[in-house]
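To start, the structure itself, in structure tokens.
The values are calculated or read from the model by the stated rules, or taken from the named source; none is laboratory data. Quick caveat: nothing in here was measured; it's all calculated off a predicted structure. Here the Cβ is made from the backbone with ideal geometry for all residues, glycine too, and neighbour counts use every protein chain on show. Just the protein is used for accessible areas: all its heavy atoms, side chains included, with ligands, DNA and RNA removed. Shrake-Rupley method; radii C 1.70, N 1.55, O 1.52, S 1.80 Å.
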Amino acid sequence: MALSSSISPCYSCKLFSNPSLSHLKAKGKEMATLNRTHPFSLLQLQRSPFLNSKWERAELKFGIRAAVTSEEYLLDGAIENSQLPRGDSWSVHKFGGTCVGTSERIRNVANVIVQDQSERKLVVVSAMSKVTDMMYDLIQKARSRDDSYLTALDAVLEKHKLTAIDLLDGDELASFLSRLHHDINNLKAMLRAIYIAGHATESFSDFVAGHGELWSAQLLSSVVRMNGVESKWMDTREVLIVNPTSSNQVDPDYLKSGERLEKWYSKNPSMTIIATGFIASTPQNIPTTLKRDGSDFSAAIMGALFKARQVTIWTDVDGVYSADPRKVSEAVILKTLSYQEAWEMSYFGANVLHPRTIVPVMQYDIPIVIKNIFNLAAPGTMICRSTDNEYEDGQRSVFPVKGFATIDNLALVNVEGTGMTGVPGTASDIFAAVKDVGANVIMISQASSEHSVCFAVPEKEVKAVADVLESRFGQALSAGRLSQISVIPNCSILAAVGQRMASTPGVCATFFSALAKANINIRAIAQGCSEYNVTVVVKREHCVRALRAVHSTFYLSRTTIAVGIIGPGLIGGTLLDQLNDQTAILKEKFNIDLRVMGIIGIDSMILSGSGIDLSRWKELLSQNGEMPDLNKFVQHVGENHFIPNSVLVDCTADSHIASQYYDWLHRGIHVVTPNKKANSGPLDQYLKMRALQRQSYTHYFYEATVGAGLPIISTLRGLLETGDKILRIEGIFSGTLSYIFNNFMGTKAFSQVVKEAKEAGYTEPDPRDDLAGTDVARKVIILARESGLELQLSDIPVQSLVPEPLRATASAEDFLLQLPQFDLELSKQRQEAEDAGEVLRYVGAVDVVNGKGTVELRRYNKEHPFAQLSGSDNIIAFTTERYCKQPLIVRGPGAGAEVTAGGIFSDILRLASYLGAPS
């Protein structure tokens, strides 16, 4: 008796008393009658519709409209003769723990309340930040017979005492401190009882845990009054009646809660009410809670009871994001969400609201607005009933998918066997077994053949699930009716949510295509017939990359590509400078975000986690570079989980690097290059690489291998893809040799022209690399293979312009010194050509009809297009069945760092368009 007398008489005594048997019978009869018409009887029957299978969630959605209608009837009937004003004059606000975490923040909240122009206001408030955790810690310490619970309770007292002293004065301070000390004394007695028993019932725990809300509501109400606004505070345990349905869920009794609200308001009429969130009472008046996130639920219930104009949930973010901003930095604030969209996103882990928060307000079409207490200017997100015409900023929304959410730390359980096909009750038996171990089924997927059923459960529960299934179906496994019960660990769920998905064709195709392009393998798929969400299971390590890929594809953010530059020499360096000049424009106008995550050269390498500052890349590479390690470089660029797409740009002419392409493509890394070695190398390696490219969504672009910045490869592919037949390809493919023979005229010696070309920067450091014709032969091989010929480099006869005696000369300087000795032969050929009205041109040709190629010096009439060139221009002629009489000509600069880098840049942008950027 001494113990109970020291505790609040209204609630604490209920924790120690047992209702009589007759009272329980009467209550049972009353509840049975109520549950036949109660709008949430469906929820009670299902136990935990939001935390059990998606099948049960679907049943809930199917019945929600009918439930809402019947509930509205009950509530309206109860308040028909009400003295409590209800309707649009009321606005409901809910402030979370971070909003009232300090005395300064409580003042800010009070200012928001005072400045709200609503005629009447009801404010639901959580405990101060961390206080609820402190209260549960008290219970745990007392239960464990840890004497430090007393010290911890003193810390709770001190926190609220100091806050009150900072906020209040006079009678308000004295009144609050008196109630605070009274509550602390009651808690000491309660915790002492728990300490002695070494056990705490759920009712004990709920009683202790709810005190944080009592104190924050009293504090806030006092501060509001001190600001000149009359205010009453409400202990919602006196008003809200809930029926516990499981360890983590309760169902509100709206009829009784409405009656109690009438009674409370008749004694405490006020235009501003500060109510406690999170806490309530059972029908037996025993204190309980609305469980975690219960304050939001409290606000929604109050909004329904008052038929409020709006419920505003104040938090520390600007609204609901299209994806978790910690995983997708480009996530945007959604201005509107339908009730169903918010429901789906919250179920799949988005930081929106608890799913049940939405149910109470739906019946009266009361909008919920999510706003940021620390950024009052932000408009926030409105959750309301959707309309057929959904507008944002005056424009119809173009996004069928509103947002994306993920759930991590899951495992898939797969039950399969031919004995399941056509056997009624198999699925029921499976999920009955899962229910017996209390596991939470997040998602279910079943093939139409009924051969297998797979479902996702939290990883911490999967062992218990697997054990019970193997035990329950042991005989079926032994008999072969079931072939296996397997567990796939380390999984995550990715869900796309949007109400307009139901009326927009191709959403699933776009969703799955985005995942495929990001090289994401899907383990399981589920979609409800409502089409509000599409859910997939992926490997946990791929979850963030998958999220960013789909988010980017649906134009909620930029198409972001991680870029690695190999070879920052003349061409690579020019490309880096072009990227630096254009990056901001690409972001702003084309929604393309190219981030150079690494640069590697012969002597140095630099890596970045967010993108290298390209205005300083030379400085950073020389000052902050590390020893080059190609494997580390590739791993850093290609396996960046925060950027879904990656491309390696090989700006070298290195055959070893070209040999790595197959491995990179196989790992899902795109490749862009001007390096000719891969496509003109061993035929078997080339065919293997192209086969991989065709079988996957990984792209390999090499336009610059043949014509620098000229569209040679794309033109050839366009002809072939439209059904044209290639007969012959002939061209001047070397800008160096084009320059040399365009200037080899009059009385100039060949050696003199070569020397001038080197001095002008048109040749390789050793001019023999150009004059040997090997580079042209590689381009001929590339075009031949693109045309369908399976030729090796050794199959191409090449006329070298390097005199035989000089091919082994020690240095380029020695070669140039000795070259004049061999001018006579080429001067003679030039003269013979001029006498015939012709010019000399060094050309490569692919004879597709006869399956061969050549590289040689030829003579052309001065009227021929090949004779019309100037400078270092290239020219390529395509003779096809369509372009038979007059070949298709592509002409333009075919050499130089600027045009080659431009060709590579063009391929990178083409890759971006393939990955989802606007075309």
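Compare the peptides 666-677, 736-747, 585-596 by average per-residue count of other Cβ atoms within 10 angstrom and give them in order, highest first.
In descending order of packing, they fall as 666-677, 736-747, 585-596.
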note = With every protein chain in place, the accessible area of residue 316 for a 1.4 Å probe, in Å² rounded to the nearest 10, comes to 70 Å²
In Å, descending, principal axis extents of the Cα set of the range 746-847 = 43, 38, 26
inquiry  = Order 301-310, 224-233 from most to least packed using the mean count of other Cβ atoms within 10 Å.
reply    = 301-310, 224-233
Most to least packed among 809-817, 124-132 [average Cβ atoms within 10 Å] = 124-132, 809-817
ask   = What residues qualify as long-range amide H neighbours of residue 727, i.e. H under 5 Å apart, gap of 5 or more or another chain, H built at 1.01 Å from N?
value = 879, 880, 881
request  = Rounded to whole Hz and in sequence order, give me ³J(HN,Hα) for the range 608-618 from the Karplus expression 6.51 cos²θ - 1.76 cosθ + 1.60, θ = phi - 60°, writing x for Gly and Pro.
outcome  = 9, x, 10, x, 7, 6, 6, 6, 10, 4, 5
task = Could you state the angle between the C-alpha long axis of helix 823-835 and the longest principal axis of the C-alpha atoms of the chain, as a value from 0 to 90 degrees rounded to the nearest 10?
result = 90 degrees
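Assuming a ≥ b ≥ c are the square roots of the Cα gyration tensor eigenvalues, decide whether the range 93-231 counts as rounded (a/c under 1.5), prolate (otherwise, with a/b larger than b/c) or oblate. Walk me through the numbers on the way to the answer.
On the way: a/c = 2.55, a/b = 2.03, b/c = 1.26.
In terms of gyration-tensor shape, prolate.
Find the Rg to Rh ratio for the range 775-919, where Rh is the Kirkwood radius over alpha-carbon pairs and Rg uses the same atoms.
On the way: Rg = 18.9 Å, Rh = 18.4 Å.
With Rh from the inverse mean 1/r over Cα pairs, Rg/Rh is 1.03.
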note = Distance in nm between residue 490 and residue 725 label points, each 7 Å along Cα→Cβ, equals 5.3 nm
message = Using amide H atoms built in the peptide plane, which far-off residues or other-chain residues are under 5 Å from residue 337 H to H?
response = 382, 383, 384
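Helix-only estimate, please: 222 nm mean residue ellipticity of the chain, summing -39500 (n - 2.57) across DSSP H runs of length 4 or more and dividing by its residues, to the nearest 500.
-13000 deg cm²/dmol
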query = Under the classification rounded if a/c is under 1.5, otherwise prolate if a/b is larger than b/c and oblate if not, where does the range 186-289 fall, given a ≥ b ≥ c as square roots of the Cα gyration tensor eigenvalues?
reply = oblate
remark   = Karplus ³J(HN,Hα) for the range 472-481 (6.51 cos²θ - 1.76 cosθ + 1.60, θ = phi - 60°; Hz, whole; x = Gly/Pro) runs 5, 10, x, 5, 5, 5, 5, 7, x, 5
key: Relative contact order [Cα under 8 Å, 6+ residues apart], the chain, whole percent   = 8 percent
task = Please name whichever of 739, 727, 653 sits farthest to the positive end of the charge dipole of the range 634-759, dipole taken about the Cα centre and charges placed at Cβ: Lys and Arg +1, Asp and Glu -1.
result = 727
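Taking the solvent-accessible surface of protein heavy atoms with a 1.4 Å probe, what is the per residue accessible area of the chain in Å²?
Roughly 42 Å² per residue, with all protein chains present.
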message = Apply the Karplus curve 6.51 cos²θ - 1.76 cosθ + 1.60, θ = phi - 60°, to the phi angles in the range 753-762 and return the couplings in whole Hz, x for Gly and Pro.
response = 5, 4, 5, 5, 5, 5, 5, 7, x, 7
request  = Quick one: P(r) of the chain from all Cα-Cα pairs, 10 Å bins, percents rounded to integers, in order of increasing distance.
outcome  = 2, 10, 15, 17, 15, 12, 9, 7, 6, 4, 2, 0, 0
remark   = With the charge dipole of the chain built from beta-carbon charges (+1 for Lys and Arg, -1 for Asp and Glu) about the Cα centre, the Cα from 374, 191, 339 projecting farthest to the positive end belongs to 191
remark   = A 1.4 Å probe over the protein heavy atoms gives the chain a carbon and sulfur accessible-area percentage of 51 percent
key: Amide H partners (placed H, <5 Å) of residue 332, local residues excluded   = 322, 323
